[in-house]
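Following: one structure in structure tokens, then a few remarks.
The values are calculated or read from the model by the stated rules, or taken from the named source; none is laboratory data. Every value quoted in this text rests on a predicted model; they were computed, and no experiment measured them. Here the Cβ positions follow ideal geometry from the backbone for every residue, glycine too, while neighbour counts run over all protein chains shown. For accessibility, only protein heavy atoms count, side chains too; no ligands or nucleic acids. Shrake-Rupley method; radii C 1.70, N 1.55, O 1.52, S 1.80 Å.
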Amino acid sequence: MRLFATLVVLGFRRWSTYRLATAAGAFTNTVFGLIKASITVGAIGAAGGELAGYDAQTGATYAWIVQALIAPVNVFNWNELALRIRDGDVAIDLARPMDPQFAYLAGFLGRAIHQFIPRGAPPLLAGALITGLALPATPLPYALGLVSVVLGVSVSFSVWWLANLAAFWLIELRGVLTLNVVAMGILSGLVIPVHWFPDWLATVAALTPYPSMLQAPVDVITARAEGTAALGVLAVQAAWLAGVLLLGRLVFARGARKLVVQGG
Amino acid sequence: MTEPIIQVRDLRREFVVRTPAGRLRRTRTVVAAVDGLSFDLAEGAAVGYIGANGAGKSTTIKMLTGILVPTAGTVRTCGLDPVRQRRELARQIGVVFGQRSQLWWDLPLAESFRALAAIHRLPEASWPVRRDELVDRLDLGEFLATPVRQLSLGQRIRGEIAAALLHSPRLLILDEPTIGLDVLSKERLRVFLAEQRALHGTTLLLTTHDMDDVQRLTDRVLVVDHGRLVYDGTLPGLTTQVGAERVMVVDLVEPVPDLGTVDGARRVAVESDGLRHRFAFTPERTTAGAILEAVGRRGQVRDLAIEEPDIEDVVRRLYLAQIRGDDPAAAP
Amino acid sequence: MGERLRPYRVLVGSRMRSQTTYRRSFVSDLLGSVAIGLMEFAEVYVVFANVDVLGDLDFAAAALVFALANVGFSMADLLVGHADNLPVYLREGTLDAFLLRPLPVLAQLITSDVSLRRLGRVAVSVVILAVALPLNDIEWTAAKVALIALTPLTATAVFAGLFVCAAAVQFWLVEGSEFTSAFTYGGAYASGYPASIFSLPMRLLFTFVVPAAFTAYLPVLVLLDLPGPPGTPHWLGWCAPLAAVAVWAVALLGWRAGLRHYTGTGS
């Protein structure tokens, strides 16, 4: 556990050198938040003031919280592992006396912690000033929400890990990574709450880990899922995390064996 | 007397450097990378522009080529104002930055040449002749179809130089062209450049860390330090002035603890219990051959090597000599 | 004229060839781009799975807005989108190489890449446009035919100009270049929706500062004879060419200033 903590801190440090880039990213997240909130509020207004349990205020809140979580959850790109596989550097990771998946997860979480406040606070602040935020008044949803965010970030990592592993077998990975971004973009609740999906799309989403990355944490933080329902959401997230991480380990082992046997 | 191909007068370039001071505040200091530089280069000359890292070499070259605006002073290159008349100037000069590629990394060399010919609007009828000459002289034929990113450093640099010469520029500027190259590649490049100069009379300006480059390719040396010109003359003149010594390392078959004195040379060290001896000398006082002969009379020589003075050392000596105002040769 | 353009023809041609050399990865990139186009449209689809109108537009009209905006943006992205990577060009010394060649730097930057894979998104937008157009009840006149033909071109010009503006600003920002994404990609995103859903300040921002509304929404109001939000003059829908000219004027002035800043301060 101490090793894990050290790796998390290291991941945090690596990202703290990019201050201006972080500010720029937060600004862009905020402007997109404004556009997204306008779209959700517009749709809710067109539906007569309420849409799948969201009113104008909670709909806007949804958009702002999602924007605040984009950077920590890392929606758009993670190809660190793929690059190391392509360059053969993954052999170094294999030689280290620690589990590679565990080490990369620590780095991913460290980055998320670093981004949490500087990338998360500006969209929330803008939301509070522009549309107002509908947030619960009791502490419990926030405590559970924090757990849910950590699980969401970890699920995102586990899926990125799996996508990156394709580098063991494919030379050009951009197609696979783009596919992951697209799936995440549609199914995680990034742009439209999953609760708005037509039945067929909702079923598709429920069969994937993507809603566990964004929709789940937002549901818990805003107390849309409360009490046992919230625990249920956390359980679903944890189950996806365990499943995808395990799958990632198996595939990694296959890839590593290929590397050892065929020499890359 | 025709107009010099490069004319630099009181050239100065400042940079603002911000360093963190405390958590949020930053101090702002103005640093002069080039500080009152003046020199002329005649058409057809071959000049080595040397100095330590950060002495202002690259900054000067950027101002000569129109990439950077001077803070003060004037530059004329090929009779043009490099920044205002950048595009006109680009047709008359070729520039190679050893550590930065100007080729298209994912295109084959042949394709890069075609693109450059189009960029320089070279006549369709004549440019392939020039290309073939360069390909032949630089031995590029084998990898013309290879994407640049797959070339070795030596191959890439040769490609870069061919690319810079494709439009037959009057002035060729090379920034550290031999950096990182192996001995053989360096040698090939030097032979080629000397030959091009002889054939086309191209003016050559070269920055380098390699004394051999300077010795083999140039007939005039400019030494810059802290943005100022500290020496302008020939290479032998420079080594005389600072007393830059070559060192001959002699390995003997049998240890001889003391070889005694050798005329014109200074014994620097005896190592490995008398198996290895080091003699420092300047070409003005004696030759490597004379030392070898003197040593050979006293012991059987198994191997020898000559260490050239390095540029950092020469510049340091010049600098020390200047601040003391005494005989540079006496500097430690 | 042909001779003047020869360098650019050769440059663009060699860029295109290099991309299609590796056929399999090119096809997979192309499919990725199609998927991104579909993802963007999925959002509009899901909204209209819940409501019948958004910002006074029905699904067919909203799809028309989306399609026109996205044809324009994806074309601009294909042609000039790489200008958004200016910091990479600065870091790798590519811009210095441009400065050492006898051609205008901006022209070299633009012709230094053509991301053919982005054709995937262009194709998706064109298909949506082709489907959405007949679904709308348009009283065609010669002027409207001219407008629908012109709109994708002016939209391309507006977004391309925005990319150049962004590149110009990036000369100063470098590390913080993502700031500009709020206006380029943000503008593109906003332009795909009826501007009537935005608050007045945002509508003004995306009309007169970042002229995204000119790329689709305002022309569609004219095509469908709709009034739009109160206070929106109807003739504004014809002003897209003016918006394009204005964006490019700012872009070229900004680029000049940016390049001056670069050669003035060095890297």
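Structure notes:
- Cα-based shape type of the stretch B:6-233, given that a ≥ b ≥ c are square roots of the gyration tensor eigenvalues and the cut on a/c is 1.5: prolate
- Binning the alpha carbon pair distances of the stretch C:16-265 at 10 angstrom intervals from zero yields the distribution 7, 30, 33, 20, 8, 1, expressed in whole percent.
- For the protein assembly as shown, the antiparallel share of DSSP beta bridges with both residues in that region comes to about 70%.
- In nm, spacing of pseudo-spin labels at B:VAL191 and A:LEU146 (7 Å Cα→C-beta vector): 7.2 nm
- Partner chain coverage, peptide C:130-140 - average Cβ within 10 angstrom: 0
- Charged neighbours of B:VAL31, selected by a Cβ distance under 14 Å, balance to +3 (K, R count +1; D, E count -1).
- Inter-chain Cβ neighbour count for A:26-37, averaged per residue, equals 5 (cutoff 10 Å, partner chain atoms only).
- Low-density loop positions, GluC sites (Glu not before Pro), the stretch B:234-319 - DSSP coil, at most 16 other Cβ in 10 Å: B:GLU284
- With Cα atoms, 0 to 90° folded angle of helix A:2-15 axis to chain A main axis: 70 degrees
- Taking a straight line from the alpha carbon of B:LYS62, these lysines sit under 28 Å away, with near neighbours fewer than eight places off in the same chain left out: B:LYS186.
- Positive-end residue, the protein assembly as shown charge dipole about Cα centroid, Cβ charges, pick of A:THR228, A:GLY120, C:PRO102: A:GLY120
- Full-stretch length increase - A:THR228, A:ALA5 - with 0.36 nm per residue and alpha-carbon distance subtracted: 77.2 nm
- Taken about its Cα centre, chain C carries a charge dipole of about 1140 debye when Lys and Arg each add +1 at the Cβ and Asp and Glu each add -1 at the Cβ.
- Bridge type composition, the stretch B:6-233 - antiparallel percent by DSSP, nearest 5: 60 percent
- Protein heavy-atom accessible surface, 1.4 Å probe, per residue over the stretch B:176-332: 50 Å².
- Spin-label proximity, C:ASP52 to the stretch C:208-237 - amide N less than 13 Å from point 7 Å beyond Cα toward beta carbon: none
- Between chain B and chain C, the total buried accessible area stands at approximately 2800 Å², from heavy atoms with a 1.4 Å probe.
- Size estimate for the stretch A:118-253 follows the Kirkwood approach: the inverse of mean 1/r over distinct Cα pairs works out to 16.1 Å.
- When C:ARG23, B:ARG84 are compared by accessible area of protein heavy atoms, the largest-first order is B:ARG84, C:ARG23, using a 1.4 Å probe.
- Of the solvent-accessible surface of the stretch A:1-52, computed with a 1.4 Å probe over protein heavy atoms with every protein chain present, carbon and sulfur atoms account for 67 percent.
- Extent of chain A along its three principal axes (Cα atoms, max minus min coordinate, largest first): 63, 41, 34 Å.
- Sulfur and carbon atoms: percent of accessible area, the stretch B:261-308 [1.4 Å]: 44 percent
- Chain pair A, C: total accessible area buried, heavy atoms, 1.4 Å probe, Å²: 3000 Å²
- Along the axis of the charge dipole computed for the stretch A:40-97 (Cβ charges of +1 for Lys and Arg, -1 for Asp and Glu, origin at the Cα centre), the listed residues A:ALA43, A:ILE85, A:PRO72 are led at the positive end by A:ILE85.
- Coarse-grained scattering of the stretch B:170-301 at q = 0.09 Å⁻¹, given as base-10 log I(q)/I(0) from a Debye sum over alpha-carbon atoms: -0.40
- Dipole check for the stretch B:6-233: with +1 at the C-beta of Lys and Arg, -1 at the C-beta of Asp and Glu, and the Cα centre as origin, the magnitude is about 1180 Debye.
- Projecting the Cα positions of B:ILE173, B:SER112, B:ALA32 onto the charge dipole of the stretch B:6-233 (unit charges on Cβ atoms of Lys, Arg, Asp and Glu, taken about the Cα centre) puts B:ALA32 furthest along the positive direction.
- Between B:ALA198 and A:ALA95, the modelled labels are 4.9 nm apart [label points 7 Å from Cα along Cα→Cβ].
- Chymotrypsin sites (Phe, Trp or Tyr not before Pro) lying in DSSP loop within the stretch A:1-77, provided at most 13 other Cβ fall within 10 Å: A:PHE76
- Helix-only CD estimate at 222 nm, as mean residue ellipticity for the protein assembly as shown, using -39500 (n - 2.57) per DSSP H run (n ≥ 4): -18500 deg cm²/dmol
- With R₀ fixed at 30 Å, the C-beta to C-beta distance from B:SER152 to B:ILE306 puts the FRET efficiency at about 0.60.
- Relative contact order of the stretch B:245-308, pairs being alpha-carbon contacts under 8 Å that are 6 or more residues apart, as %: 49 percent
- Cβ neighbours within 10 Å from other chains - mean over C:201-210: 1
- Spacing of the two label points (7 Å from each Cα toward its C-beta) at A:TYR18 and C:ALA146, in nm: 4.9 nm
- Put a plus charge on the Cβ of each Lys and Arg, a minus charge on the Cβ of each Asp and Glu, and nothing anywhere else: the dipole of the stretch A:2-262 about its Cα centre is then about 860 debye.
- Its relative contact order, with pairs defined as Cα atoms under 8 Å and 6+ residues apart, puts chain C at 26 percent.
- With R₀ fixed at 30 Å, the C-beta to C-beta distance from B:ASP273 to B:GLN215 puts the FRET efficiency at about 0.30.
- Normalised contact order of the stretch A:2-262, rounded percent, pairs of Cα under 8 Å and 6 or more residues apart: 24 percent
- Förster radius 41 Å - calculated FRET efficiency between C:ALA123 and A:VAL260 (Cβ-Cβ, nearest 0.05): 0.45
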